[in-house]
Amino acid sequence: MIVSRGEFFGEKDKYLSLIKDGAVFIILTDTIYGLSCDATNPAAVLKLRQLKGMGFDKPMSVIAPSKEWIKENCLVSSLDKLPGPYTFILPLHNKSCVSFEVNNGSDALGVRIPDHWCSKLCSEYGIPLITTSANVTGKPNMTSVDDLDPSIKSKVDFIIDEGVKEGKASTIIDYRGGAEKVLRE
């Protein structure tokens, strides 16, 4: 089901209920379109991994509900670049903040707060949402609904279409070693 942002907000409670029930969906961020689901729902995360063709060896990142959520669950010294087009890999001190299937019980988690309305949605929901590119692993990023891989398009629960988005994935900064290390620009 493809809906516009206006349609989504017109029936926001319906879509939030679908997310709580394990929906896997596509949403635009400040960078690119992404596959998303409730990061605390193991079945939803497994479905997303299967759709993307992503093995368990690769951890996924989340859109955090707030900076406070990040501080409660991760070890962090500064969040001054957020919101923005950044993913921070941070040491975790609360592994139960996301399902095991997100990062295989790792001591680290990738977190984002996009400079986009999707962050407000995540904040209202109060639960972290998976954020990973809306493509089959190794294939080009989705720039519009028209170029979405048919194997994903037919199996997601809904797509929030905001038109063409030509962007690049977020900059990934690893803070696990204490110093800032850019992994992807």
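List of remarks:
- Among the residues making up the stretch 1-45, those that are aliphatic (A, V, I, L, M) and part of a loop (DSSP other than H, G, I, E, B) are MET1, ALA23, VAL24, ILE32, ALA39.
- The residue that is farthest from SER36 (Cα to Cα), counting only those in the stretch 89-110 that are outside any helix (DSSP H, G or I) and β-branched (Val, Ile, Thr), is ILE89.
- Any hit, the stretch 27-35, residues being of a type in the set (S, T, N, Q), in contact with a helix residue (DSSP H, G or I) (Cβ under 7 Å, 6 or more places away or on another chain), closer than 20 Å to THR132 by Cβ and surrounded by 17 or more Cβ atoms within 10 Å (Cβ to Cβ): yes
- Matching residues in the stretch 154-183 - criterion: being within 17 Å of the chain's Cα centre (by Cα) and either in a loop (DSSP other than H, G, I, E, B) or without any contact (Cβ under 8 Å) to a residue 24 or more places away in the chain (or both): VAL156, ASP157, GLU162, LYS165, GLY167, LYS168, ALA169, SER170
- Top-ranked residue of the stretch 82-103 - restricted to ones that are touching a Phe, Trp or Tyr at 6+ places or on another chain (Cβ under 9 Å) and free of Cβ contacts under 8 Å to residues at least 60 places away in the same chain, ranked as nearest to ILE172 (Cα to Cα): LEU82
- Filtered residue count, the stretch 5-26, keeping only those that are small (Gly, Ala, Ser) and surrounded by 13 or more Cβ atoms within 10 Å (Cβ to Cβ): 2
- Comparison of VAL76, VAL3, VAL45 shows that the only residue that is of a type in the set (Val, Ile, Thr) and modelled with pLDDT of 95 or more is VAL45.
- Residue ID - modelled with the highest pLDDT, chosen from residues in the stretch 107-160 that are farther than 22 Å from LEU18 by Cβ and acidic (Asp, Glu): ASP115
- Per this entry, THR171 is not counted among residues that are closer than 19 Å to VAL24 by Cβ, at pLDDT 90 or above, surrounded by 13 or more Cβ atoms within 10 Å (Cβ to Cβ) and of a type outside the set (Lys, Arg).
- Test: residue in the stretch 63-72 that is of a type outside the set (A, V, I, L, M, F, W, C) and under 24 Å from GLU162 (Cα atoms): yes
- Selected residue (criterion: surrounded by the fewest Cβ atoms within 10 Å (Cβ to Cβ)) from residues of the stretch 40-63 that are more than 23 Å from LYS168 (Cα to Cα) and touching a strand residue (DSSP E or B) at 6+ places or on another chain (Cβ under 8 Å): VAL45
- Verdict on PRO85 being in contact with a Ser or Thr (Cβ under 6 Å, 6 or more places away or on another chain), over 21 Å from GLY55 (Cα atoms) and not hydroxyl-bearing (Ser, Thr, Tyr): yes
- Complete set of residues in the stretch 59-74 that are touching a residue at least 60 places away in the same chain (Cβ under 8 Å) and assigned to a loop (DSSP other than H, G, I, E, B): MET60, ALA64, PRO65
- Those residues of the stretch 75-87 which are under 17 Å from the mean Cα position of the chain (by Cα) and either closer than 18 Å to GLY105 by Cα or among the aromatic types (Phe, Trp, Tyr) (or both), in sequence order: TYR86
The values are calculated or read from the model by the stated rules, or taken from the named source; none is laboratory data. Only a predicted model underlies this, so the values are computations on that prediction, with no experimental measurement involved. Heads up, the Cβs are rebuilt from the backbone with ideal geometry, glycines too, and the neighbour counts pull from every protein chain shown.
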